[in-house]
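**Q** Supplied in structure tokens, the structure appears directly below.
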Amino acid sequence: MARIAGVNIPTNKRVEIALRYIHGIGPSKAREIADSAGIAPERRVQDLTDAEVIQIRETIDRDYMVEGDLRRETSMNIKRLMDLGCYRGLRHRRRLPVRGQRTHTNARTRKGPAKPIAGKKK
């Protein structure tokens, strides 16, 4: 099993698909990484040599922000908004939708399960 950026990527999948298991790498970045490392995207991870895995690892370390660094930057951006007290920061602080969605109905993913209100009977 190949370990890249602290993630064990699956061995029986194609390189292009397996790289997507790393946080911060999607379809287009996976294709770019495979091209820059000189590996055909159709090849399987189990067929890669150690040198090719090292080549992929170095490419990712050099050119992309992934996993822990990316998660840390995202959380710091959210924390900055909350500390500023701007509208988006207040929405994050109250755990409500940030991007203008309605909350009268829906928004259950962000708000959590519905809480019953005492004494409300109709």
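**Q** Expressed as a whole percentage, what fraction of the accessible surface of segment 68-122 belongs to carbon and sulfur atoms when a 1.4 Å probe is rolled over the protein heavy atoms?
**A** 53 percent
**Q** Now, a different point. Accessible area per residue for the chain in Å², computed with a 1.4 Å probe and the full protein assembly in place, what is it?
**A** Normalised by residue count, the accessible surface of the chain is 72 Å².
**Q** I'd like the FRET efficiency for residue 111 and residue 23, computed as 1/(1 + (r/R0)^6) with the beta carbon distance as r and R0 of 35 Å, rounded to 0.05.
**A** My answer for the efficiency is 0.90.
**Q** So how tilted is helix 67-84 from the main axis of the chain? Cα-based, degrees 0 to 90, rounded to 10.
**A** That works out to roughly 30 degrees.
**Q** How tilted is helix 50-63 with respect to the longest principal axis of the chain? Cα atoms for both, answer in degrees (0 to 90, nearest 10).
**A** With both axes taken from Cα atoms, the answer is about 40 degrees.
**Q** Long-range amide H contacts for residue 2: which residues qualify at under 5 Å (H placed 1.01 Å from N, peptide plane, sequence gap of 5 or more or a different chain)?
**A** It is 9, by chain and number.
**Q** While we're on this one: Counting each DSSP H run of 4 or more residues in the chain as -39500 (n - 2.57), what helix-only mean residue ellipticity at 222 nm follows after dividing by all residues, to the nearest 500 deg cm²/dmol?
**A** It lands at -13500 deg cm²/dmol.
**Q** Given a 10 angstrom Cα cut-off, can you work out which residue in 103, 59, 74 is the most mobile in a GNM of the chain?
**A** Of the options given, 103 has the highest mean-square fluctuation.
**Q** How tilted is helix 27-36 with respect to the longest principal axis of the chain? Cα atoms for both, answer in degrees (0 to 90, nearest 10).
**A** 20 degrees
**Q** Follow-up question, since we're still on this one. Quick one: length gained pulling residue 12 to residue 35 fully straight, 0.36 nm per residue minus the C-alpha distance?
**A** Here the answer is 6.3 nm.
**Q** Give the aspartates and glutamates reachable from residue 29 as a straight Cα distance under 18 Å; neighbours fewer than 8 places away on the same chain don't count.
**A** Straight-distance partners of residue 29: 16, 42, 52, 58, 61, 63, 67, 69.
**Q** Once you keep just the Cα pairs under 8 angstrom separated by 6 or more residues, what percentage relative contact order results for the chain?
**A** Taking the mean separation of contacting Cα pairs over the length of the chain, I get 18 percent.
**Q** While we're here: Please identify the trypsin sites (Lys or Arg not before Pro) of segment 1-59 that satisfy two criteria: DSSP loop assignment and at most 15 other Cβ atoms within 10 Å. Which are they?
**A** 13, 43
**Q** With the radius of gyration and the Kirkwood radius both derived from the Cα set of the chain, what is their ratio Rg to Rh?
**A** So for the chain, dividing Rg by the Kirkwood Rh gives 1.20.
The values are calculated or read from the model by the stated rules, or taken from the named source; none is laboratory data. If you're wondering where the values come from, they're calculated on a predicted model, not measured in any experiment. Backbone-built Cβ (ideal geometry, glycine too); neighbour counts: all protein chains shown. Heavy atoms of the whole protein, side chains included, go into the accessibility calculation; ligands, DNA and RNA do not. Shrake-Rupley method; radii C 1.70, N 1.55, O 1.52, S 1.80 Å.
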